[in-house]
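What follows is a single structure, written as structure tokens, with notes after it.
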Amino acid sequence: MGNPLHALLEMPEREKSERGLEHTPREIGQQPATWRETYQRCHDRNAELKDALRRAGIGRGSSSSPTVYLVGAGTSDYIGRALTPLLRGQWGCDVWPIPSTTLLTEFEDFHRAGREYLWISFSRSGDSPEGVALLERALEQGREIRHLVITCNQHGAMAQLCARHADRAFALVLADSVNDRALAMTSSFTNMLLAGQCVGHLEEFSPFGNVVAQMVEAGERFLPQAAEVAAAITLLGCTRACFVGSGALRGVAQESSLKVVELSAGKVATMAETPLGLRHGPMSSVDGQTLFVGYLSSDPRRRGYELDLLREIDHKRLGRVRAVVSTPAIDDASVLADYSLALHCPADFPDHYRPVLDVMFGQLIGLFASMRCGLKPDQPSPNGAISRVVQPIKLYS
């Protein structure tokens with residue numbers, strides 16, 4: 001088949017415009033190259049980031065460190081979910097992903113008097129109405145809360161709020177090239193996630209640069225094969241998709257599920273689960289029209305549960321097509337799947353660093369599913385049900 005993503009990128013500009021393919025393929029394809037720049041931006045602001053974390057109390061030890069909330073909505077929430085295990089391990093304190101949509105309505109339930117908090121908020125545009133309203137409220141009412149905002153838009157309201165409250169808030173603004181113009185977040189997701197990983201490695205930043213170099217190389221090699229498999233799978237016309245992952249890779253499964261449902265305008269119904277969670281009821285939905293995707297852990301213990309799930313699905317003949325993404329391993333998951341994609345990195349490459357790689361497969365499935373459904377991937381919601389920046393909401397005090 002060749003590289004179908006490359007074919008879209010080489011399409012005449014007029015045809016791209018007519019078919020709604022100006023941005024999404026390019027923004028997916030540019031990701032490995034943009035990770036280098038994000039790492040460099042974090043390198044350039046290393047001292048400022050360290051100071052912001054120090055003032056927030058990170059590094060004081062588990063007994064006196066602040067509670068860390070990773071805040072965002074939709075895709076930005078899944079950044080926090082994919083990042084949580086890494087930051088917990090690096091900082092040795094409580095780190096929890098809390099959707100901004102939940103914090104806005106249940107603010108008091110998540111804050112105790114006398115406790116310190118650090119919010120790390122993610123927002124592509126920095127103009128999400130929930131995100132802006134929540135940050136304004138926290139800055140007004142929560143003197144015990146310090147903020148780090150990671151965004152792709154220096155002109156967004158959240159970045160401007162940080163500038164006005166520099167004593168308690170700091171904005172890390174990424175390159176404009178990853179401020180995705182398409183509706184669906186792709187390169188903004190992986191770059192804000194990578195920035196979060198950088199924040200977790202400020203004390204050993206140069207060694208982490210070697211990890212980033214591995215990720216860039218693996219990503220460049222992964223994209224063509226992932227595109228080929230994603231294009232082949234979507235030709236089957238599955239009306240359902242189930243994504244499964246553990247730990248940081250559960251965030252990948254959730255983001256993949258969202259990408260497919262929003263890019264197909266709901267024509268492909270999706271779900272995301274853990275390997276053990278799927279067995280408690282949701283497995284009943286894995287029918288003959290279902291694409292099953294497993295993001296297999298590099299950790300042998302977790303991988304054992306995942307392989308057992310694949311064996312059960314295989315034994316019960318569930319799903320129409322099965323695909324897995326993994327690092328090279330001694331066990332051969334390929335016999336349990338129709339498609340097996342191996343990342344070009346060490347077999348023990350930690351799951352903490354894999355989300356930026358694995359998620360590109362879910363993004364590509366969404367892209368090709370959108371095209372098969374006759375939609376324009378850049379603007380896949382023909383009835384205007386969703387938009388690039390969520391519409392303003394009425395706020396209640």
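The values are calculated or read from the model by the stated rules, or taken from the named source; none is laboratory data. Since the model is a prediction, treat every value here as computed from it, not as a measurement. All Cβ positions, even for glycine, are placed from backbone atoms using ideal geometry, and neighbour counts span all protein chains on display. Surface areas here come from the heavy atoms of the whole protein model, side chains and all, with no ligands, DNA or RNA. Shrake-Rupley method; radii C 1.70, N 1.55, O 1.52, S 1.80 Å.
Only one of 197, 254, 225 is open to solvent by 10 Å² or more (accessible area, probe 1.4 Å), of a type in the set (S, T, N, Q) and either assigned to a loop (DSSP other than H, G, I, E, B) or under 25 Å from residue 301 (Cα atoms) (or both). Can you tell me which? Exactly one of 197, 254, 225 is open to solvent by 10 Å² or more (accessible area, probe 1.4 Å), of a type in the set (S, T, N, Q) and either assigned to a loop (DSSP other than H, G, I, E, B) or under 25 Å from residue 301 (Cα atoms) (or both), namely 254. The set of residues in region 12-51 being open to solvent by less than 20 Å² (accessible area, probe 1.4 Å) and in a loop (DSSP other than H, G, I, E, B) consists of 20, 21. The conditions of being out of contact with any Leu (no Cβ under 9 Å at 6 or more places or on another chain), surrounded by 23 or more Cβ atoms within 10 Å (Cβ to Cβ) and of a type in the set (A, V, I, L, M, F, W, C) are not met by residue 205. Go through the residues of region 378-394 one by one and say whether even a single one is among the small types (Gly, Ala, Ser), open to solvent by 10 Å² or more (accessible area, probe 1.4 Å) and modelled with pLDDT of 90 or more. No, region 378-394 contains no residue that is among the small types (Gly, Ala, Ser), open to solvent by 10 Å² or more (accessible area, probe 1.4 Å) and modelled with pLDDT of 90 or more.
Residue 350 meets the conditions (1) open to solvent by 20 Å² or more (accessible area, probe 1.4 Å); (2) closer than 19 Å to residue 301 by Cβ; (3) at pLDDT below 95 in every case but one. The failed one is (3).
Of the residues 312, 306, the single one that is part of a helix (DSSP H, G or I), within 25 Å of the chain's Cα centre (by Cα), under 12 Å from residue 275 (Cβ atoms) and in contact (Cβ under 8 Å) with a residue 12 or more places away in the chain is 306.
Scanning region 262-282 for residues that are free of Cβ contacts under 8 Å to residues at least 60 places away in the same chain, assigned to a helix (DSSP H, G or I) and crowded, with 18+ Cβ neighbours inside 10 Å turns up 275, 278.
The one condition from (1) open to solvent by 10 Å² or more (accessible area, probe 1.4 Å); (2) in contact with a His (Cβ under 6 Å, 6 or more places away or on another chain) that residue 288 does not meet is (2).
Considering each residue of region 131-141 in turn, none proves to be open to solvent by 10 Å² or more (accessible area, probe 1.4 Å) and in contact with a Cys (Cβ under 8 Å, 6 or more places away or on another chain). In contact (Cβ under 8 Å) with a residue 24 or more places away in the chain and either more than 21 Å from the chain's Cα centre (by Cα) or surrounded by 13 or more Cβ atoms within 10 Å (Cβ to Cβ) (or both): does that describe residue 329? Answer is yes for this residue. Screening residue 127 against (1) in contact with a strand residue (DSSP E or B) (Cβ under 8 Å, 6 or more places away or on another chain); (2) modelled with pLDDT under 95 leaves a single unmet condition, (1). In the set (1) more than 19 Å from the chain's Cα centre (by Cα); (2) surrounded by fewer than 18 Cβ atoms within 10 Å (Cβ to Cβ), residue 220 fails one condition alone, (1).
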